[in-house]
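The values are calculated or read from the model by the stated rules, or taken from the named source; none is laboratory data. Note that this is a predicted model, so its numbers are computed, not measured. Glycine also receives a Cβ, built like all others from the backbone with ideal geometry; neighbour counts cover every protein chain displayed. Keep in mind that these areas ignore ligands, DNA and RNA; they rest on the heavy atoms of the full protein, side chains included. Shrake-Rupley method; radii C 1.70, N 1.55, O 1.52, S 1.80 Å.
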Amino acid sequence: MTQPHQLSSPVVFLVGSGGPRVLFAGNSITRHAPKPEIGWTANWGMAASAEDKDYVHLVLDALRGRDPGTEGCIAQLAAWERQYWQGRDILNDYRAAADFASDLIIVRLAENVPREKLDAHPFAPAYAELLDFLNPHQRARVIVTTSFWQSDSVDQAIRQVAAGRGLPVVELAHLGQRDEMKAIGLFEHSGVAAHPGDAGMAAIAAAILEQVNPGK
């Protein structure tokens, strides 16, 4: 029987223990610590109304329907997104996620990549390095997504890396173009309100689960 995994990191968090291991690598849509000055006081996927309404916990709940022991790990990679060109200098902060020995890795990020850095620092090589870092033994299934807030250049780099590795890509930009998928009107801060609300989180989870269980 798989033993519960122990982690100690300010950017990597465990959800449950004992079964198949699923790593969620993301940003504020995946998990955001409380930040009262912008009206966010929770500690889960930003703009979801409750922890069990964010996409991470919706996906975990579905997976636990098949195996109740499914173990989740959340890597909050917003710092990497903002400094992706620094490579291993910043990736080493996420060593606990790499050591998690995932069976499934869901990489759901892109929004915080600074567009003004892309010409000097192409994103595709850095993204490929991230995937290798999180999956050091190349044993995990990997599913990636594009941005909720459409970013053609970053999304295309993600698709490029995924195509070269035969990885499924979950397209999300169409969701981010729909106000009903956001938390507009629920938060005064425009940045928080632009995040996926409960409907958006449910749609993201459903799209990911379609790739986890293709054809079902």
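Here are the numbers for this structure:
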quantity: Hits in segment 60-84 (condition: open to solvent by 10 Å² or more (accessible area, probe 1.4 Å) and in contact with a Pro (Cβ under 7 Å, 6 or more places away or on another chain)); calculated: 67, 82
quantity: Test: residue in segment 122-139 that is open to solvent by 10 Å² or more (accessible area, probe 1.4 Å), of a type in the set (Gly, Ala, Ser), out of contact with any Asp or Glu (no Cβ under 7 Å at 6 or more places or on another chain) and not in a helix (DSSP H, G or I); calculated: no
quantity: Selection count, segment 176-198, where residues are assigned to a helix (DSSP H, G or I), open to solvent by 50 Å² or more (accessible area, probe 1.4 Å) and within 17 Å of residue 50 (Cβ to Cβ); calculated: 1
quantity: Count of residues meeting criterion [farther than 24 Å from residue 200 by Cβ and not basic (Lys, Arg)] in segment 131-163; calculated: 12
quantity: Positions within segment 85-110 being open to solvent by less than 20 Å² (accessible area, probe 1.4 Å) and of a type outside the set (Gly, Ala, Ser), in sequence order; calculated: 90, 91, 94, 100, 104, 105, 106, 107, 108, 109
quantity: Filtered residues of segment 13-60 (kept if among the charged types (D, E, K, R) and closer than 20 Å to residue 82 by Cβ); calculated: 31, 35, 37
quantity: Subset of segment 7-31 (residues that are surrounded by fewer than 22 Cβ atoms within 10 Å (Cβ to Cβ) and either modelled with pLDDT of 95 or more or more than 23 Å from residue 64 (Cβ to Cβ) (or both)); calculated: 8, 9, 10, 11, 28
quantity: Elements of type helices (runs of 4 or more DSSP H) contained in segment 36-100, each with 1 or more residues being among the aliphatic types (A, V, I, L, M) and without any contact (Cβ under 8 Å) to a residue 40 or more places away in the chain; calculated: 88-91, 95-98
quantity: Selection count, segment 142-175, where residues are closer than 21 Å to residue 47 by Cα, open to solvent by less than 70 Å² (accessible area, probe 1.4 Å) and either at pLDDT below 95 or in a helix (DSSP H, G or I) (or both); calculated: 3
quantity: Residue among 124, 162 that is touching a helix residue (DSSP H, G or I) at 6+ places or on another chain (Cβ under 8 Å) and of a type in the set (A, V, I, L, M); calculated: 124
quantity: For residue 171: the one exception among (1) among the acidic types (Asp, Glu); (2) closer than 19 Å to residue 27 by Cβ; (3) more than 16 Å from the chain's Cα centre (by Cα); calculated: (3)
quantity: Output for segment 115-155, where each listed residue is in contact (Cβ under 8 Å) with a residue 12 or more places away in the chain and polar (S, T, N, Q); calculated: 135, 145, 146, 147, 150, 151, 153
